[in-house]
1. Which cysteines in the chain lack any other cysteine whose Cβ sits under 4.7 Å from their own Cβ?
2. Given Cα positions, please report Rg to Rh for the range 90-180, the hydrodynamic radius being the Kirkwood one.
3. Among ALA28, ALA281, ALA141, whose Cα projects farthest towards the positive end of the dipole of the chain, with charges put on the beta-carbon of Lys, Arg (+1) and Asp, Glu (-1)?
4. With both bridge residues required to lie in the chain, what share of the DSSP beta bridges run antiparallel, to the nearest 5%?
5. For the ranges 250-259, 320-329, 20-29, 287-296, what's the packing order if you count other beta-carbon atoms within 10 Å of each residue, average per peptide, and put the highest first?
6. Quick one: 3J(HN,Hα) in Hz for the range 296-306, Karplus 6.51/-1.76/1.60 with θ = phi - 60°, rounded, Gly and Pro as x.
7. For ILE166, ILE286, what ranking results if the residue with the fewest other Cβ atoms within 10 Å of its Cβ goes first?
8. Using only Cα atoms, locate the centre of the range 205-283 and the centre of the range 136-192, then give the distance between them in Å, rounded to an integer.
Amino acid sequence: MKVNPTYNTKEALLKLYNKPLLELVFEAATIHRQYHNSREVQMSSLLSIKTGGCPEDCGYCPQAARYHTDVEAHKLLTVESVVEQAKNAKANGSSRLCMGAAWREVRDNRDFDSVVEMVQAVNDLDMEVCCTLGMLNEEQAKRLKNAGLFAYNHNLDSSREFYKDIISTREYDNRLETIENARKAGITVCSGGIIGMGEAVEDRVGMLLSYMEMETPPDSIPINALVAVEGTPLQDQKPIEQWEMIRMVATTRIAFPQSVVRLSAGRTKMSMEAQALCFMAGAGSIFAGDKLLTTPNPEFNEDKEMFNILGLIPKEPFQDGEKPVSQPDVIIEEKKKKAAERQLALEKARQEGFSPRKVVSVEK
Ligand code: SAM
Ligand code: DTB
Ligand code: SF4
């Protein structure tokens, strides 16, 4: 049961969301235990591979160039540095690495070639590789799949109606297309949203309804609490009540029994008790490590202690899908071949006595 048919209308979802809290948690916990190992929680680490300077206007995002935040823009990381940080995440218990880039969309350039190499290298470490790079066409999705990408994260963020109040530079339908492109390429889909942006409960369940209307709902659904960052239009939003986070996790769990519900941004503001209720209600994953993309997150050690207290176990990789096989990338191979041919031609010319012409300055 990918989607729960009992709750496939807005009215039914609203009623569910507003149920007495402990009844809601109990119903979610019961469903969770039918489809998942309730002691396992995946630790997934985030890595911002290209930070800041984004042309989009997402009202929540500290990486949008037009807002004046403390985020320092940084060009794409090297493959070596990504591998080093992936190894560190794995040593600390993470079985998944999610690489984020502050791009509007993927472009077919050298940076994308590097991302393809990053995907190959991290997949070789036996970690699930996820990317969130903005909009993506079908060809680009196929290239990532071929490199060994396990998941693509692209969020609808909220309901179709509320979305317009938060983002104007790209349409809700563009997002649906990117999700579809990832799906068609055979990549698992990670797609969810943010609560606490000033939306109504109707918008929260409206987002869930958008996922219900898909032919195949997302394999995993991240639920973020807004991290209100100074300099963004949403800087003054009051932190969301922990109860709302618990309700949203539980409602998502019940509506999509087979998907992994990810308790995502906003955990620094949550007590361990509130997080415990989220795990009880079916959260099957957290972002682990002291940084999300640009904002703080609990440290590995803090989460290890929480896992010990609650009796949770870090989930092994590839429990929800086979490890993709990394294939050589045709475009990179072709570029390498051409570079080798050029090098060979240069060597040959040198052997034949060719020396590059000296540039002589001509006096006027
Ligand atoms: N640029 C790409 C894109 O927008 O798809 C990928 C990176 S973007 C930072 C990924 C997601 O992070 C957003 O869709 C949003 O849901 C979440 N996010 C960004 N800023 C956030 C914030 N301040 N609080 C909570 N979630 C946030
Ligand atoms: C998602 O839904 N949440 C993560 C991940 N997908 C990429 C990102 C949260 C970002 C929080 C703000 C920041 O650290 O910049
Ligand atoms: Fe850019 Fe993504 Fe941030 Fe939007 S959420 S401003 S697209 S980095």
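Throughout, read-outs are computed from the coordinates displayed, never taken from laboratory work. Model, not experiment: these values are computed from the prediction. Reconstructed Cβ throughout: ideal geometry from the backbone, glycine too, with neighbour counts over all protein chains shown.
1. Isolated Cys, the chain: CYS54, CYS131, CYS190, CYS278.
2. 1.01
3. ALA141
4. In the chain, DSSP labels about 5 percent of beta bridges as antiparallel.
5. 250-259, 287-296, 20-29, 320-329
6. Listing the rounded values in order: x, 9, x, 6, 3, 5, 4, 5, 4, 5, 4 Hz.
7. Ranked by crowding around the Cβ, least crowded first: ILE166, ILE286.
8. Between the Cα centres of the range 205-283 and the range 136-192 lies a distance of 18 Å.
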